[in-house]
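Scroll down for the structure; my scribbles are underneath it.
The values are calculated or read from the model by the stated rules, or taken from the named source; none is laboratory data. All values derive from a computational prediction rather than experimental measurement. So basically every Cβ, Gly included, is an ideal-geometry build from the backbone, and we count neighbours across all protein chains shown.
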Amino acid sequence: MRKSFLRVVLFVALGLAGSAPRSYGQANPKPGENPILRDIFTADPAPLVYKDKVYLYVGHDEAKEGQMFNMNDWRCYSSSDMKNWTAHGSIMNVRDFKWASKDAWASQVVARNGKFYFYAAVQEGTPANAKAIGVAVSDSPTGPFVDARGSALISDKTTPGPNGWDDIDPTVFVDDDGTAWLAWGNPNCYLAKLKPNMTELDGPIQRIEVPNYTEGPWLHKRGSTYYLTYAAFAHQGMSEKLCYATAPRVTGPWTYQGILTDQAKNSYTIHAGIVEFKKQWYLFYHNATLTLPTGESGALGRRSVCAEYLYYNPDGTIQPIAHTLAGLSVPPRKGANPASPQRPPVAPTATPPATSAGVSLTENTQPRPMQWPGSPVFSTMPDPATVALDNLSFNHKQGTTSLGQTFEVKADCRLTRLDLFGGDGFGTDAKQPVALALYDLGPATGLAADAPTYAVGANLLGAANSLIFTYTPQAAGILQFDFAASHQVTLKAGHRYALELQGVAKSAPLFWRVSRQDTYAGGGAYQNRQPVLLNDKRGYDFALAVYGTPLTN
Ligand code: FUB
């Protein structure tokens, strides 16, 4: 959970608190009804099937009013029928990791070599003071667990980057060949092999690039297909939903399969745990709908674990899952889950064709660009992935219909290509199209580069119509627009221009990355033709590179 989202988180959580259905948390729930655990507040469920039982490891939410999270220990429950759960109490306290100071966040247990390995996110104490991942071991699935290393398995130094909060939410997956993989992270999804001892990394850290990724990865495998389920969209300013991707190998390539569940009731966060038990698949997650007998009600930091049946389609994709009150109290559907799953269809790596003549869009030309490819005429920043960390779409604030970047051209040139750094979102469709438009604002002299607004004339890219393009969600990377000769307009020296993405207010087909520093003197970032304001601070420049052919007189 990124700190900068705290205000949004509290707003969403408080706003929803009054609307929780009364039936949740009722005194006499049917076995299997959601939430499935009702003795305390629980979060971040991680199921483990061992022998004839499911063991469920959860965080313990103890937040009081005004607190975001207050989590000090991890709990374990078990069940042999998925309806009735036995509490095994606290299996470990965050202070049992002597090097940790607080925050018993998401965890998972895996069985290996006759032992049980417990991976958990915590806050590492001084001097690191950052999120880290520890590993503990036990001879029993219900503990007690003891720190297996005496130090963090993943510390802030293990992963590059400025964020102290990124090393959270471990998931461990042991493949059929015995190789154990650890995935974790927010906002990056990291992947690393574990040594057979399960307590050390084995080899380099890779990154899984999937659209809309926020946190809480969960790896599982069915047949020959690997699945990565994760909490998504928080970095796009929305409550988290679960999305998933599939791959033929754990190292990818991963194919985005879209949304698995909508956001959880009353909870800004959501966190997946998936397991097969007695030939039926299940999704565990949390919401915040429970009221304890003490009268304490659900909130951002007072969540409750729930479970739903999970069904596959014949092609191996997972059917969207609704959050229900009935949960597992009702029988599963008969005949679901075909026995011989085929591999899910691989989404084409080629870009869908643009719908307008005159421009073609190539997606995924480069993930997380540290510099622009080739030789742009100019760019609004040299290192977009480092600087442009904020996401904007047409759903920002009350909704917007244009995202614009103004720029000035120093020498006459013919525009051949534009590169934007962006991605994520829900993709374009008939209801949420996106178009490119370009306007000549006239001579730059006398027109402030960061003017409070700009007025447009004719769209240079098409007299009446903008260039509509088709976009399917990609992980944040370069979107490359190449212009056909018919649309290679002349950009004049000394003129200021406005490039716009135009869309439907409140839609979020894709996000354009914007900086919070003024990286470019020749223009700025706009929405609805007014300077972008991010959380009441100025957003400065969208990540844009312009390519062209010089024109000589
Ligand atoms: O429970 C604390 C944090 O909230 C987890 O690490 C995230 O996955 C989110 O659920």
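Quick notes on this one:
- In the set Pro473, Pro452, only one residue is of a type outside the set (Phe, Trp, Tyr), loosely packed, with under 15 Cβ neighbours inside 10 Å, in contact with a Pro (Cβ under 8 Å, 6 or more places away or on another chain) and touching a residue at least 60 places away in the same chain (Cβ under 8 Å); that residue is Pro452.
- Residues satisfying the stated conditions in region 249-307, i.e. of a type in the set (S, T, N, Q) and at positive phi: Asn266
- Test: Leu310 is among the aliphatic types (A, V, I, L, M), touching a residue at least 24 places away in the same chain (Cβ under 8 Å), closer than 14 Å to Val58 by Cβ and in contact with a strand residue (DSSP E or B) (Cβ under 6 Å, 6 or more places away or on another chain): no
- If you check Leu436, Leu441 for being assigned to a strand (DSSP E or B) and surrounded by 21 or more Cβ atoms within 10 Å (Cβ to Cβ), only one passes: Leu436.
- Among the residues listed as Val54, Val58, Val49, Val109, the single one being β-branched (Val, Ile, Thr), in a strand (DSSP E or B) and out of contact with any Pro (no Cβ under 7 Å at 6 or more places or on another chain): Val49
- Residues (modelled with pLDDT of 95 or more and among the polar types (S, T, N, Q)) located in region 401-430: Thr401, Ser402, Gln405, Thr406, Thr416
- Test result for Trp85, buried (at least 16 other Cβ atoms within 10 Å of the Cβ), more than 25 Å from Phe173 (Cβ to Cβ) and more than 15 Å from the ligand (Cβ to nearest atom): no
- Top-ranked residue of region 288-337 - restricted to ones that are under 27 Å from the mean Cα position of the chain (by Cα) and among the basic types (Lys, Arg), ranked as farthest from the ligand (Cβ to nearest atom): Arg302
- Scope region 88-106; condition in a loop (DSSP other than H, G, I, E, B), buried (at least 16 other Cβ atoms within 10 Å of the Cβ) and away from the ligand (no atom under 15 Å from the Cβ); matching residues: Phe97, Trp99
- Residues within region 239-266 that are among the small types (Gly, Ala, Ser) and either under 12 Å from Thr225 (Cβ atoms) or assigned to a strand (DSSP E or B) (or both), tallied: 3
- Residue match in region 90-105 (condition: within 29 Å of Ala234 (Cα to Cα) and in contact with a His (Cβ under 9 Å, 6 or more places away or on another chain)): yes
- Selected residue (criterion: nearest to the ligand (Cβ to nearest atom)) from residues of region 267-279 that are in contact with a Pro (Cβ under 9 Å, 6 or more places away or on another chain) and not in a loop (DSSP other than H, G, I, E, B): Gly273
- In region 381-425, counting only strands (runs of 3 or more DSSP E) that sit wholly within it, the ones holding 1 or more residues that are in contact (Cβ under 8 Å) with a residue 12 or more places away in the chain, aliphatic (A, V, I, L, M) and surrounded by fewer than 24 Cβ atoms within 10 Å (Cβ to Cβ) span 413-423.
- Boolean, Pro196 is in the same structural domain as Leu153 (by TED's automatic domain parsing), crowded, with 22+ Cβ neighbours inside 10 Å and more than 13 Å from the ligand (Cβ to nearest atom): no
- Criterion: modelled with pLDDT of 95 or more, farther than 26 Å from Trp165 by Cα and polar (S, T, N, Q) - qualifying residue of Ser239, Ser224: Ser224
- Test: residue in region 118-130 that is closer than 27 Å to Ala234 by Cα, of a type in the set (Gly, Ala, Ser) and over 26 Å from the mean Cα position of the chain (by Cα): yes
- Candidate set: region 219-246, residues that are more than 11 Å from the chain's Cα centre (by Cα) and within 16 Å of the ligand (Cβ to nearest atom); chosen: the one surrounded by the fewest Cβ atoms within 10 Å (Cβ to Cβ): Leu219
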